[in-house]
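Structure first, then comments.
The values are calculated or read from the model by the stated rules, or taken from the named source; none is laboratory data. Computed from a predicted structure; not experimentally measured. Cβ atoms come from the backbone with ideal geometry, glycine included; neighbour counts cover every protein chain shown. Surface accessibility is based on the protein's heavy atoms, side chains included, excluding ligands, DNA and RNA. Shrake-Rupley method; radii C 1.70, N 1.55, O 1.52, S 1.80 Å.
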Amino acid sequence: MLQKSNAQVRVYRDPDELALKSARLFARRADQYVIGCGRFTVALSGGSTPKAMFSVLAAEPFLDTVPWSSIYFFWGDERCVPPDHSDSNYRMTREVLLSKVPVPPQNVFRIPAELPDPEKAAGEYATTLTQFFLSEPGANRTGTAPLSNLPRFDLIFLGMGPDGHTASLFPHTAALEAGDQIAVANYVEKFKTHRITMTAATINNARNVTFLAAGQDKAETLRNVLEGNYQPDVYPSQLIRPHNGTLLWLVDEAAARLLGGFSEGGSKQA
């Protein structure tokens, strides 16, 4: 069955242009929410495409113009490793971005993925998110109230793997059926390990969700996710359809080469 996702897709020439446009989007959203609401809450993704965006953000003009002290950083998922491990999404972000910009340490909320019990790590992160978003004055400061007790991020960045996974929502895994839980420990058979991940319900409660995808190895999957039948068990990225927010895909030409109706720098509604 084919279902429209109401996603906007923007195509850029190459990964360098994609990184720059993504950084500009980050900066615009930060200004928008800091000016309008006093703070900007963002959940980040791991991977090479977000890493390129982080490198751009850590340099001029963004270094001196982004309101860093009013931005609060979270992560959509994490591998079950210590924060200084080479596989850690947090470590990558810290090395490429957070160590280079004036973000107060208290504004950074990493997933405690080093805990020996992944379920406990997921529970602690869910508690952290609940306390931050729902216990502070003005948590429901603008727009429609959150769905249930889920946090409502201003922006969530996501990547997509060649298998169609996003965050650590992998094909045919239990987290795809997590309901209204905030974060879960998801066992991924092909890696023989757990990952800590926000659920689709949490992601879909955000004000803005933006996917970043680059490379020809994503092309077939991207076409299937955006233009194919709705099969979220096969392509978990199809689960991401914000209830009361925007859904944007920023992709390069290599990833978009199998999509219909695009030219360089083009956009379309999927």
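Keeping the other protein chains in place, figure out the carbon and sulfur percent of the accessible area of the chain, with a 1.4 Å probe. Intermediate results must be reported in sequence, preceding the final value.
Values: 5560 of 11450 Å².
Result for the chain: 49 percent of the exposed heavy-atom area is carbon or sulfur.
Per residue, how much accessible area does the chain show when a 1.4 Å probe rolls over the protein heavy atoms, in square angstrom? Dividing the accessible area of the chain by its residue count gives 42 Å². The label-point distance for Glu114 and Asp233, in a model that sets each label 7 Å from Cα toward Cβ, rounds to 3.9 nm.
Applying 1/(1 + (r/R0)^6) with R0 = 22 Å to the Cβ-Cβ distance of His172 and Asp14 gives a FRET efficiency near 0.10. Placing a pseudo-label 7 Å from each Cα along the Cα-to-Cβ vector at Leu258 and Asn6 gives an inter-label distance of 2.7 nm. Considering only Cα-Cα distances, which of the following residue pairs are longer than 24 Å: Lys190/Lys218; Lys51/Lys120; Lys100/Lys120; Lys21/Lys100; Lys21/Lys192? With Cα atoms farther than 24 Å apart: Lys51/Lys120; Lys100/Lys120; Lys21/Lys192. Result for the chain in a Gaussian network model with C-alpha springs under 10 Å: among Leu250, Leu222, Leu259, the largest mean-square fluctuation is at Leu259. Annotation for Asp31 and Gln106: the two label points, set 7 Å from Cα along the Cα-Cβ direction, are 2.8 nm apart.
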